[in-house]
Amino acid sequence: PLNARTASEALRASLVFFCILALLKVGSHLQIWPRKMNSIRFLSFLSLLLICGCPLNSKVPLSNPDPDEFDESLLGLWEYVQKEKDDEAMLVTVSQFNKSEYLIVARQIKKAYDKNEPEELLIRMFLTSIGEARFWNFQDLEKDLRKREYSFAQYSIEDGKTLHVTMVRNRLFKDHKAATPEALNAAFKKSIGHKDFLQDKSLIFRRLEEQ
């Protein structure tokens, strides 16, 4: 009957329409997936790297920003010293944001054949000293403000030219729920020097220009 044939054709047309939508959606994912993978790889690498090594994330920092903690030797342009041939080449600019905080801009160094836009990461950071150790408290500024957490890294500068940044692991803090900076700071004091406190490998940067 005509009605049955019309219904069958309508159903077939609907199926074709949804198949086209599905193909377009899959196609768009296939087109941007390599870029997403590059972005994930780059962003995790810097945060400061944040996926590998299970870094510690916290709703609270180690302290409040303090102008007395500001270290001018961090300011300037730094280049990541690549350890492996597949490592992302990266330039990091550290600028003064206010009296106690820094703005860090990390950019990929793109290869000539790479047509994608360079990935960029914006980080807010300030320092906390615990004994002789100095730590970065930093946040990814591209995340939603309500979802931002702090990550932490111990740093040192050799001869004013080589910057070592080592992420703090979460291994010693899995059962620790710090509600205040003071509580987290106290937990750090007990953990500094433990073999599981820091990641095994540091990020190493070379200064490219004078401040």
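Sites listed here are GluC sites (Glu not before Pro) in the range 159-211 whose DSSP assignment is loop and whose Cβ has at most 12 other Cβ atoms within 10 Å: Glu209, Glu210. Other residues whose C-beta falls under 12 angstrom from the C-beta of Ser151 contribute a net charge of +3, scoring Lys and Arg +1 and Asp and Glu -1. When the C-alpha to C-alpha distance is required to be over 22 Å, the pairs from Lys99/Lys147; Lys161/Lys189; Lys161/Lys201 that qualify are Lys99/Lys147; Lys161/Lys189.
Between Lys174 and Leu103, the modelled label-to-label distance comes to 4.0 nm, taking each label 7 Å out from Cα in the direction of the beta carbon.
Quarter the surface of the alpha carbon convex hull of the range 91-207 and you get the mean projected area, 9.5 square nanometres.
Once the chain from Asp71 to Lys143 is taken as fully extended at 0.36 nm per residue, the excess over their C-alpha distance is 23.3 nm. Legend: calculated FRET efficiency, Lys59 to Glu158, from the Cβ-Cβ distance at R0 = 25 Å, rounded to 0.05, equals 0.15. With a cut-off of 9 Å between beta carbons, the residues surrounding Ala106 carry a summed charge of -1, where Lys and Arg count +1 and Asp and Glu -1. Of the residues Glu149, Glu132, the one with the largest accessible area comes first in the ranking Glu132, Glu149, computed with a 1.4 Å probe on protein heavy atoms.
The values are calculated or read from the model by the stated rules, or taken from the named source; none is laboratory data. Here the structure is a predicted model, which is why all the values come from computation and not from measurement. Positions of Cβ are generated from backbone atoms using ideal geometry, with glycine treated the same way; all protein chains shown enter the neighbour counts. Each accessible area value is taken on the protein alone, full model and side chains, heavy atoms only, with ligands, DNA and RNA left out. Shrake-Rupley method; radii C 1.70, N 1.55, O 1.52, S 1.80 Å.
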